[in-house]
Every structure is written in structure tokens, then in C-alpha cells.
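What follows is a set of notes on a single structure, which appears directly below.
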Amino acid sequence: MKKLNIGLIGAGSISTIHLDAYRNNEYATIYAICDLNEERARSRAAEYGAVKVYTDYNDLLSDPEIDAVDICTWNNYHAAISVAALKAGKHVHVEKPLCKTVEEALAIEEAVHVTGKVLQVGFVRRHNRNVTFLKQMIDAGELGQIYYAKASILRRLGNPGGWFSDKERSGGGPLIDLGVHVIDLCWYLMGKPKPVSVSGNTYRKLGNRSNVQQLSFYKAQDYNAEHNDVEDMANALIRFENGASLYVDVSFTLHAKQDRSSVAVYGDKGGAEVEPELAIVTEKNNVIFNIEPQVDHRGFDVEDSFQREIDQFILCCNNEACTISPVEDGVALMKMLCGIYESAATGVEVKL
């Protein structure tokens, strides 16, 4: 395979796990780093051996030595950079969510089709080894028809602030930041049925709760407790053309006893919990069995999943594989997410 020169755009905190994965891949060279903050870009470049540093992504995209780009910017830059990169002849890996709006998503999809370049959306949970194993089970019919799924990521104190709490840059709060992960994971395991309607609620009751003491939480590098115009919490019911449904609730802040993350799918022959730990439920000889697969990591192994995601991106760029996270799936997720926000704003179910 060809060894690819990678240009990373957006050198914030999420970029480190991407860069670690590229450094571990023998067919990738971290060639260039771009960030609006030149000092941060140079620091990342020195750490990972990049030979070029940019502060304008257009300059990076005009570099003929770069084969592919990885976009780790604020969400409001995803669409413009993705389209420009594709038109510049670069393959693209873009962090989730694909963008902020359905219109932006459709523009990216068109650019992919016109250019024929690879675009992989950063739905990293699809690359979890446990998800790969479970998807194979589901595709083989062992759980039967998956007709219901339920997912939660509830933080009692976890508004990162900074760009995460700035709707102009992020597109929203926990729904678009956390909900995108678990909605996508459930939808993927369900076989990606066509969504037909959503009904959702969002709440802004608690703010960022920066006054809370003696309990630490992750803060964005540009954390600013003065600004917060995103929701604290969201929930939604998504209906699909095949009659299946998905319920999701997510929060940055909530008066909950503890943080909680859970993902489960239910079929007519069996069910499965994916998070917090992998477990299978089935029936044999009129007896219910709770099965605990013997695997190295029954939970979500973050580093391994990102490594597998980046490894597949490199394979796809070399025409050795097809991505399991194509642009079409990114578009579908944006329709669901934006539909939920519209439903919450209008108070009625939204047809997709």
C-alpha cells in the first residue's frame, strides 16, 4: 500500500487520539498540522514530527504533498473544510457530527459523489471490537428482528463549556455532541432502517453549573463559564419505516445520582447490551440466558476503537476497503438530529 501524507486540521484535545493512531499506522505519515492557534499547531507538530505548520486550512489543502486530511475542528467548520478538501483532491476523515445542518450535509455528500474521494465520518463506536462482534451476530439473525433500541448518556455535571456550549460553533449541546454517538450506534446495529419521524424535547434548566464545587469534570481548552446557549438535556423517540423505534436521552448536566451510559438493542429472538458492558440475552429450551462473552474488553475501549477507525480510513484511501461510516450515514444522522431540535422547538412530531 501507498504510505499517505496526512494533514490534520484542528489541533485541539480530540486531535491527540487521532494523531496517536496515525503514528501507530505504518502506512501513514503525519505531514502537516493546521490550527488557528499557531503556537498550538507548532506544539503538536513538534510532538508528532509534522514537517509543515499552517494556520489557514486553505494553505494546507493547496499543498500537493498531502494525500488525506483529518478534520478535528469546531463543528461549524466541518462542512466548509470537507467540501474544500474533497475538491482539492484529498481524502477526508471528519469527526462527528458530519456538520451542523442538513443542507451542509447534502453539500458534502454531493462533493463526495462529484470527486470520488473517500470521506469517512468519525462514528468511532462502530469500530469497537464488541460492536463488530455483535453486528455479525445480528446480521446472522441470532437476535432476530431488532424492533427497539434504547440509549442514554447522562452526565450529572459535564458541560465542557467553550465551543461545546456555544451553539454557533457546536450546533447544539449534548444531543449533537453525545447523542450523535449513541443514536448512530443503535441505528447501525438495527441495520440502518429509514427514519420516518422524530419527536423530541430539549431543556435548559440548570445552565453549566460552574458554581458546583469539589467535583471535577472535563473542560474545553477555551472554557468560559460566562457563555452557554445550548441545551442541558434532550430526549427523543425516533420511528423507522420498518416499524422499529429508538429512544434516547442525553445530558450535559442533570440532577442525577451518578453519570450513566447505556446502549441496548432488542430483537424478537434475543437482545444485547453494548454499554456499559457487552452482554447477550437469549432463550434456549424455554429458559432465558444472560450470556457474558469472553472478550478482552467488554466495555468501550476508546484507544483501540480510534486506532481501528483510523486504520480503516488508511485502507479505504488505498482502495483496500470500503468505509463502514460513509457520508450517506452522516447525512441520515443530521436529518435525525436536526429533526429532534425542530420537534423540540415546535412541540410537534417532525416527519423526515
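Only the coordinates and a few stated rules stand behind these numbers; no lab work does. Just so we're clear, the structure is a prediction, and the values are computed from it rather than from any experiment. Methodologically, a virtual Cβ is constructed for each residue, glycine included, from the backbone with ideal geometry; neighbour enumeration extends over all protein chains shown.
The criterion of being in contact with a helix residue (DSSP H, G or I) (Cβ under 8 Å, 6 or more places away or on another chain) and crowded, with 21+ Cβ neighbours inside 10 Å holds for GLY179. Just checking, which of TYR188, TYR247, TYR218, TYR203 is under 30 Å from GLU39 (Cα atoms), of a type outside the set (Lys, Arg) and either in contact (Cβ under 8 Å) with a residue 40 or more places away in the chain or surrounded by fewer than 18 Cβ atoms within 10 Å (Cβ to Cβ) (or both)? Within the list TYR188, TYR247, TYR218, TYR203, the selection yields TYR218.
I'm trying to understand the selection: among the residues of the range 1-43, which are among the charged types (D, E, K, R) and assigned to a loop (DSSP other than H, G, I, E, B)? Before the answer, list the steps.
Keep residues of the range 1-43 that are among the charged types (D, E, K, R), which gives 2-3, 20, 23, 26, 35, 38-40, 42.
The answer is LYS2, LYS3, GLU26, ASP35.
Filtering the range 1-29 to residues that are among the hydrophobic types (A, V, I, L, M, F, W, C), surrounded by fewer than 22 Cβ atoms within 10 Å (Cβ to Cβ) and within 20 Å of GLU65 (Cα to Cα) leaves MET1, LEU4.
Applying the criterion of at least 2 residues that are over 20 Å from the mean Cα position of the chain (by Cα) and under 27 Å from ASN128 (Cβ atoms) to the strands (runs of 3 or more DSSP E) found wholly in the range 182-292 leaves 233-240, 260-267, 270-275, 279-284, 287-291. When the range 297-352 is limited to residues that are among the aromatic types (Phe, Trp, Tyr) and touching a His at 6+ places or on another chain (Cβ under 8 Å), the one that is surrounded by the most Cβ atoms within 10 Å (Cβ to Cβ) turns out to be PHE313.
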